[in-house]
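K.L.:
This is the structure I want to talk about, given as structure tokens.
The values are calculated or read from the model by the stated rules, or taken from the named source; none is laboratory data. None of the values given here were measured: they were computed from a predicted structure. Here the Cβ positions follow ideal geometry from the backbone for every residue, glycine too, while neighbour counts run over all protein chains shown. Calculation scope for accessible area: heavy atoms of the full protein, side chains included, ligands and nucleic acids excluded. Shrake-Rupley method; radii C 1.70, N 1.55, O 1.52, S 1.80 Å.
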Amino acid sequence: MLVVGFPAGPWGTNCYVVATGPGEQCLVVDPGKDSAPGIEEAVREHGLAPMAVLLTHGHLDHTWSVVPVCGARGIPAYLHPDDRGMLTDPLGSLSAQASAMVDAMGGRLPVGEPDDVRPLEDGGVLELAGLTLVVDHAPGHTRGSVMFRRAGEDGTPPLLLSGDVLFEGSIGRTDLPGGDHAAMLRSLATKVLPLDDDTVVLPGHGGTTTIGRERAANPFLTALSETPAPTRGL
């Protein structure tokens, strides 16, 4: 399996290009602001052919480039219906700080949808680019937050694209419009904690980790109780 990940844009949002190997079709996960050059480099270096974009949620820092990335290749985007409205009203879910950052950037705010937006549902199985991914609806950061899970095979560990649900040492903030701390705790308890310890976690911000590492040291998982508000993400 081939995974190319890199942080992009002012929010350091991790964009991932995922394929079964070089020279194959690939998936682009969370193309945020300024992610297009990194996507193009990964595609060119490994001879890949993007065939879909997967969005873990609808916040602007994860969707900024979805329209041009999809439009340039005529490929669909996958997003949970509960977050679809964020594509046409991106400012409605931003913090005051993030809104100020957008204003300071100048230029045109990306508003609109790709031509082909396909819904994600909890427990759905995506068979794309030779990969099998299970969709876990995990509300809390947003109403439509999802994670993408791949089972381990051929000696490789399981993989979790966690978006802004789970980070290394933290979780996504829940104080923005559509956020719900109680829902986040339920998502962590029912969707994250049952996963195998060797599951590799590719988060929406920050470094790669594992479920075992987070189970042992992440205060939100060790206690599943109220703790100081997390600050990563929009």
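K.L.:
Taking only the stretch 88-123 into account, find how many residues are in contact with a Leu (Cβ under 9 Å, 6 or more places away or on another chain) and either within 30 Å of A151 (Cβ to Cβ) or of a type in the set (F, W, Y) (or both).
P.N.:
Summing the residues that are in contact with a Leu (Cβ under 9 Å, 6 or more places away or on another chain) and either within 30 Å of A151 (Cβ to Cβ) or of a type in the set (F, W, Y) (or both) in the stretch 88-123 gives 5.
K.L.:
Only residues that are charged (D, E, K, R) and open to solvent by 70 Å² or more (accessible area, probe 1.4 Å): list them for the stretch 125-138, please.
P.N.:
To start, the set of residues in the stretch 125-138 that are charged (D, E, K, R) comprises 127, 136.
Correct list: E127 only.
K.L.:
Of all residues in the stretch 18-48 being in a loop (DSSP other than H, G, I, E, B) and small (G, A, S), which is nearest to V66 (Cα to Cα)?
P.N.:
Step by step, filter the stretch 18-48, then rank; the result is G32.
K.L.:
Would you call G23 touching a Leu at 6+ places or on another chain (Cβ under 8 Å), open to solvent by 20 Å² or more (accessible area, probe 1.4 Å) and closer than 18 Å to L131 by Cα?
P.N.:
Judged against the criteria, G23 is a match.
K.L.:
Can you report the number of residues in the stretch 177-199 which are over 25 Å from L94 (Cα atoms) and open to solvent by 30 Å² or more (accessible area, probe 1.4 Å)?
P.N.:
As a first pass, look at the stretch 177-199 and keep what is over 25 Å from L94 (Cα atoms): 189-199.
From what's left, open to solvent by 30 Å² or more (accessible area, probe 1.4 Å): 189-191, 193-194, 196-198.
Total meeting the criteria: 8.
K.L.:
Taking H46 as the residue in question, decide whether it is within 15 Å of the chain's Cα centre (by Cα), under 23 Å from F148 (Cα atoms) and open to solvent by less than 50 Å² (accessible area, probe 1.4 Å).
P.N.:
Here the answer is no, as H46 does not meet what is asked.
For every residue, the table says whether it meets (1) surrounded by 22 or more Cβ atoms within 10 Å (Cβ to Cβ); (2) modelled with pLDDT under 95; (3) in contact with an Asp or Glu (Cβ under 8 Å, 6 or more places away or on another chain).
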{"site": "G140", "(1), (2), (3)": "yes, no, yes"}
{"site": "G144", "(1), (2), (3)": "yes, no, yes"}
{"site": "P157", "(1), (2), (3)": "no, no, yes"}
{"site": "D175", "(1), (2), (3)": "no, yes, no"}
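K.L.:
Are any of the residues in the stretch 29-36 under 16 Å from A129 (Cα atoms) and open to solvent by less than 20 Å² (accessible area, probe 1.4 Å)?
P.N.:
Within the stretch 29-36 (the criterion being under 16 Å from A129 (Cα atoms) and open to solvent by less than 20 Å² (accessible area, probe 1.4 Å)), the answer is yes, since at least one residue qualifies.
K.L.:
Return only the number of the condition from (1) open to solvent by 40 Å² or more (accessible area, probe 1.4 Å); (2) assigned to a loop (DSSP other than H, G, I, E, B); (3) free of Cβ contacts under 8 Å to residues at least 60 places away in the same chain that A216 does not satisfy.
P.N.:
(2)
K.L.:
When C15 is evaluated against the numbered criteria (1) open to solvent by 40 Å² or more (accessible area, probe 1.4 Å); (2) in a strand (DSSP E or B), which criterion, by number, is the only one it fails?
P.N.:
(1)
K.L.:
Determine if the stretch 62-85 includes at least one residue that is at pLDDT below 95, part of a loop (DSSP other than H, G, I, E, B) and either farther than 21 Å from T174 by Cβ or open to solvent by less than 10 Å² (accessible area, probe 1.4 Å) (or both).
P.N.:
Looking for residues that are at pLDDT below 95, part of a loop (DSSP other than H, G, I, E, B) and either farther than 21 Å from T174 by Cβ or open to solvent by less than 10 Å² (accessible area, probe 1.4 Å) (or both), one finds none in the stretch 62-85, hence no.
K.L.:
Now for a separate question. Test of understanding: among D103, D115, D122, which residue is in contact with a Cys (Cβ under 9 Å, 6 or more places away or on another chain) and open to solvent by 50 Å² or more (accessible area, probe 1.4 Å)? Spell out the reasoning first.
P.N.:
Values: D103 fails: in contact with a Cys (Cβ under 9 Å, 6 or more places away or on another chain); D122 fails: in contact with a Cys (Cβ under 9 Å, 6 or more places away or on another chain).
After ruling out the rest, the residue left standing is D115.
K.L.:
Does the stretch 192-204 contain at least one residue that is within 20 Å of Q97 (Cβ to Cβ), in contact with a helix residue (DSSP H, G or I) (Cβ under 9 Å, 6 or more places away or on another chain) and modelled with pLDDT of 95 or more?
P.N.:
Taking the stretch 192-204 first, the residues within 20 Å of Q97 (Cβ to Cβ) are 204.
Narrowing the set further to residues that are in contact with a helix residue (DSSP H, G or I) (Cβ under 9 Å, 6 or more places away or on another chain) leaves 204.
Still in the running and modelled with pLDDT of 95 or more: 204.
Checked the stretch 192-204: at least one residue is within 20 Å of Q97 (Cβ to Cβ), in contact with a helix residue (DSSP H, G or I) (Cβ under 9 Å, 6 or more places away or on another chain) and modelled with pLDDT of 95 or more.
K.L.:
Same structure, new question: Where residues in the stretch 116-169 are of a type in the set (V, I, T) and assigned to a loop (DSSP other than H, G, I, E, B), which of them is nearest to the chain's Cα centre (by Cα)?
P.N.:
The residue in question is V165.
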